[in-house]
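The values are calculated or read from the model by the stated rules, or taken from the named source; none is laboratory data. Model, not experiment: these values are computed from the prediction. In this analysis, Cβ positions are derived from the backbone assuming ideal geometry, glycine residues included, and neighbour counts consider all displayed protein chains. Calculation scope for accessible area: heavy atoms of the full protein, side chains included, ligands and nucleic acids excluded. Shrake-Rupley method; radii C 1.70, N 1.55, O 1.52, S 1.80 Å.
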Amino acid sequence: MAALKAIALDVDGVLTDGGVWWGPDGAEWKRFSFADIMGVSLALKAGLIVTLISGEDSPLVDRFAAKMNLADITKGCKDKAGALRAFAERNHLGLDEICFMGDDVNDVAAMELAGLSAAPADARPAARSHAAIVTEASGGNGAVRELVDRILVKQALAEHAGNRDGTAL
């Protein structure tokens, strides 16, 4: 975790609880948790790049990205592994420097490529079985914040250990 430079997140089922509300006028609504919003904010403040890779082509993904100032997102994605590779190339990152958090079978290929894979507690079994980290929180209810907290604690510990004896990690 100490070498991570980026976090790639699925949206539905990770940043949201996977549910959707449709209004009588056709409007679509999704609920985002302030805990997860803070988690993304903390990751950005720590210097991590955060991206969204969503199977949905929803304006709500754009709205979340705009709120968080995320410049590099992928929507309407049917090949999340390919999207993760492209994100890594655009940002001059190795796949081993990226954490991917997903919740369902369409996320597994990206989870297998990433240096660290994670899933919310309520992810589908296929995603959980491919995750190095399964959070205690469910999707849309603080799972992203929990992941970010764990990453930042590990990075701080690694940095402290490296500085204590004067060696680089």
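See the values below:
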read-out	value
Listed peptides 110-121, 15-26 by packing density, highest first (mean Cβ within 10 Å)	110-121, 15-26
Calculated P(r) of segment 89-169 - Cα pairs past 20 Å, %	41 percent
Spherically averaged projected area in nm², based on the convex hull that wraps the Cα atoms of segment 1-55	4.6 nm²
Largest-first principal axis extents, alpha carbons of segment 40-111, Å	29, 29, 21
Residues of segment 30-121: accessible area per residue with a 1.4 Å probe, Å²	45 Å²
Cα extents of the chain along the three principal axes, largest first (Å)	63, 31, 30
Average Cα contact separation per residue, the chain, under 8 Å, 6 or more apart, as relative contact order %	28 percent
Share of carbon and sulfur in the accessible heavy-atom surface of the chain [1.4 Å probe, %]	53 percent
Protection proxy ranking, peptides 92-101, 58-67, 33-42, average beta carbon neighbours within 10 Å, highest first	92-101, 33-42, 58-67
DSSP beta bridges in the chain [antiparallel fraction, %, rounded to 5]	10 percent
